[in-house]
Amino acid sequence: MYSQIDAIKKLGFTGFKTIKHLWNDYRVVPDVEGVYVVLNPDCIKKSLLSKGVGGFFKGRDPNVPVSDLSKRWVENCHVLYFGKAGGGPENKSTLRSRLKLYLDFGKGKPVGHSGGRYIWQLSHHPELIVAWKETPEDDPRKIEGQLIKEFEDFYGKLPFANIVR
């Protein structure tokens, strides 16, 4: 079987740590700009939760109806979400700081990271894998956009948890 995980590795992504692992030690993530991806190791859609574990930032409910999640699911696909850290003078976040926010959001904390929030409505979110790629010479916004566009061109839709391109 063709593995998108192998393709992600060939693109220079490293890390490949479960969310559960990163909840315990996010410091393994580099403190530099880059892009990251959330992967479903077995491509299987397990239970979708009507109420996920994501935080309520500014009182806003991050959950969407399960029917909406089902429509967004991409069959036979490892890739669930592409994200970025940094890019431009207005965004000085690093992979470590951005993923820490993302992971804290997934612990129910009210932090400002709603991108990729559909991940937290998957029952098996602790088993999902996060990989990252440092982009010292490139703008992470551009790399993320390219990855999402290539995905959309191939599958005809956005990755499961990417809401906009």
Legend entry - Test for Leu99: is it aliphatic (A, V, I, L, M) and out of contact with any Pro (no Cβ under 7 Å at 6 or more places or on another chain): yes
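Being more than 20 Å from Val64 (Cβ to Cβ) and under 14 Å from the mean Cα position of the chain (by Cα) is true for just one of Leu147, Leu128, Leu158. Which residue is that? Walk me through how you get there before you give the answer.
Values: Leu128 fails: more than 20 Å from Val64 (Cβ to Cβ); Leu158 fails: more than 20 Å from Val64 (Cβ to Cβ).
Of Leu147, Leu128, Leu158, the one residue that is more than 20 Å from Val64 (Cβ to Cβ) and under 14 Å from the mean Cα position of the chain (by Cα) is Leu147.
Of all helices (runs of 4 or more DSSP H) completely enclosed by the stretch 50-165, which ones contain at least 3 residues that are buried (at least 18 other Cβ atoms within 10 Å of the Cβ)? Spell out the reasoning first.
Values: elements: 66-72, 95-106, 140-155.
Output list reads 95-106, 140-155.
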Inset, instruction - Please work out if Asp31 is assigned to a loop (DSSP other than H, G, I, E, B), open to solvent by 10 Å² or more (accessible area, probe 1.4 Å), farther than 19 Å from Ile148 by Cβ and free of Cβ contacts under 8 Å to residues at least 60 places away in the same chain. - result: no
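The values are calculated or read from the model by the stated rules, or taken from the named source; none is laboratory data. The model shown is predicted, which means the values in this text are computed figures rather than measured ones. Here Cβ is always computed from backbone atoms with ideal geometry, including for glycine, and neighbour counts include all displayed protein chains. For accessibility, only protein heavy atoms count, side chains too; no ligands or nucleic acids. Shrake-Rupley method; radii C 1.70, N 1.55, O 1.52, S 1.80 Å.
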